[in-house]
1. Over region 271-353, give the accessible area per residue in Å² for a 1.4 Å probe, as an integer.
2. If each Cα of region 142-228 is one equal point scatterer, what is log10 of I(q)/I(0) from the Debye formula at q = 0.19, 0.20, 0.26 Å⁻¹?
3. Among the DSSP beta bridges whose two residues both lie in region 340-488, what percent are antiparallel, rounded to the nearest 5?
4. Got a sec? Charge dipole of the chain, +1 on Cβ for Lys and Arg, -1 for Asp and Glu; which of GLY438, ALA397, TRP527 is way out at the positive end?
5. Show which lysines lie in cross-link reach of LYS133 when reach means a straight Cα distance below 19 angstrom and same-chain residues fewer than eight apart are skipped.
6. Ordered by residue, what ³J(HN,Hα) values in Hz, to whole numbers, does region 233-246 give under the Karplus form 6.51 cos²θ - 1.76 cosθ + 1.60, where θ = phi - 60° and Gly and Pro are x?
7. Could you check the spin-label model distance between VAL270 and GLU472? Points 7 Å from the Cα along Cα→Cβ, value in nm.
8. I'd like the carbon and sulfur percentage of the solvent accessible area for the chain, probe radius 1.4 Å, heavy atoms only, ligands and nucleic acids excluded.
Amino acid sequence: MRKPFILVLLLAIFLVSFGWYQMNLQDYLRNLLQTCFVPTTNQPLMKESTTPPKTKHQGQISESSPPPKTKLQLEVDAIFEKMENLIPKVSFTDFNQTTNGTNSKISIANPRETYCVGDDFVVRVDMFDHLGKRKTYGGDFLRPRLYSLNLGASVSGTVEDFKNGSYHVHFPLYWAGKAKVTILLFHPSEGVAALWRSRHSSQGFIGFQGRYEKSGKEAVTKCGFRLSKEDGKEICEYKDPLYEEVFHCYKAPNFTCESLKDMSGTDIQVSYLTPVEKQIFQRSNIAVLIPRQFSPVTVLECGSNLKASKPKCEIGMSSPVPSGYFYDEIWNPLYCNMTVYKKADNFTDCLQGKKLFLIGDSTLRQFIMHFTEKIKIVKYFRYHYSGWAGWPLTLEAMNMEKDIYVSYKRHGFPLQHDGFYYFKEDQYISRQIDQRAGGKDTILVITMGQHFRQFPLRVFIQRAVNIRRAIERLFLRSPDTKVIIKTENTRDIFTPPERQGDFHGYTQYLVLKEVFQGINVGFVDVWDMTVASSTMSVHPPGFTFANIMSLTLTFAC
């Protein structure tokens, strides 16, 4: 009996040893133990990546077939393809072949001595290159605006591209008086194609670092959405399986993946533009004013009925293009009546007895700063700074007497900030929504965009789709919750166009309009508002910001 037992024992030891070294059993057991014994939390799951499994086929070793795409990935692909179809498929070798704003012309397509409020005023744009040769294809990125400084009135225009170098820009006439047209050639079609290609040539223009801490010791390593395998380096994967969101860091030696504490993100000084393409993005070639061939037009009332009654702005209303116009520096949505919030009492009456959650970037931080430092309807809790100090921090403010609670929380990875910050506070927006009970006295205002311009558009699309899904789950358990989507705004023309320029913001704006159509949310079209007011600032000032808040709170209250 003893000899067969020894033989069986030796065979078992051999099989276990063979599997240990030849079948990555060690990695399998490590991952299994992590899955079984790591406590479930609201943070993304973490694991050490292993090399992809190999499969043999006809004597060759090849990578295993990729897994089938999930429903989320297919939806992201469909939206991405829709956006990509809008991009001109053009290339060039000579800068002089690109569209030149000063050589181009605008004229009135339907010239008359006077026009009536309610008319569709159409401007024709004809494009020429730097040699004065007429362009034969479209795709230029234009920014049109009709305005009257004396009246504090302005509206954006809608561009109709004939794909042959000519455009019609449609301006609805909403006020009587003089009106002046400006059309900026923000980027030529060749620049649009170059920016699109550059954006999708890498994993982004921001370099991330992760700081690990354990027992008083620290180590810093490189992080990102994807990392390439390097000899001697293990990769920690931080994945949220519900939302299929993932980023990675090189594992610091002698540290566990779970000991990642802080993150920072700074510009990578890299460009994917060719030398000839870079000429397009010199400052003198950005946002060029196209010469106008006519004087300001005169608009008369003519018995217009544009002042007909409209319903109050309510959650679930669709937002057209353009979505409204300014008159006397007050925003007038085309589809509803906005309540103007000016005095502190107006805001207090709206927010009394309510919880307001601001989730996104610093353009929503402006809201809580206004409430606490300008009109002072709430006071910060455990925050003793002012202005933009403590940018990475979650902020809370309260008014105990009026039962008002306001919080501001950032939208999560990716965030551009060159100092280290405790990143686990910055959960994905979809997870923050899933953690809320909701209710008739709960308001969620959500925005994102500025920090995503530096990354491939699919990252932004997936995040937007996940947010929509989380909102749909919220409405199932708490349909009375108010949710408002605020689009991103334009920013200054000195912003590096390849990394953070407004063309990238415009594509993201189109994604939000696509993703959130047909859902019961309030849609604050800040892109349209900032184009109409010609506000080129990442943090819109003055009456533009005041109207953004007014429309947001009109939906909320």
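1. Details: 4640 Å² over 83 residues.
Value for region 271-353: 56 Å² per residue.
2. With no solvent term, the Cα-only Debye profile gives -0.94, -0.99, -1.23.
3. Working: 7 of 22 bridges.
Taking every DSSP beta bridge within region 340-488, about 30 percent pair in antiparallel fashion.
4. Farthest towards the positive pole: GLY438.
5. Answer for LYS133, where 19 Å is the Cα cut-off: LYS105, LYS163, listed by chain and number.
6. 10, 8, 10, 8, 9, 10, 10, 9, x, 5, 9, 6, 9, 8
7. According to this spin-label approximation, the distance is 3.5 nm.
8. Numbers: 14700 of 27070 Å².
Answer for the chain: carbon and sulfur cover 54 percent of the accessible area.
The values are calculated or read from the model by the stated rules, or taken from the named source; none is laboratory data. In this text the structure is predicted, and so the values were computed from the model without any measurement. Ideal geometry is used to build each Cβ from the backbone, glycine not excepted, and the neighbour counts take in all protein chains shown. Calculation scope for accessible area: heavy atoms of the full protein, side chains included, ligands and nucleic acids excluded. Shrake-Rupley method; radii C 1.70, N 1.55, O 1.52, S 1.80 Å.
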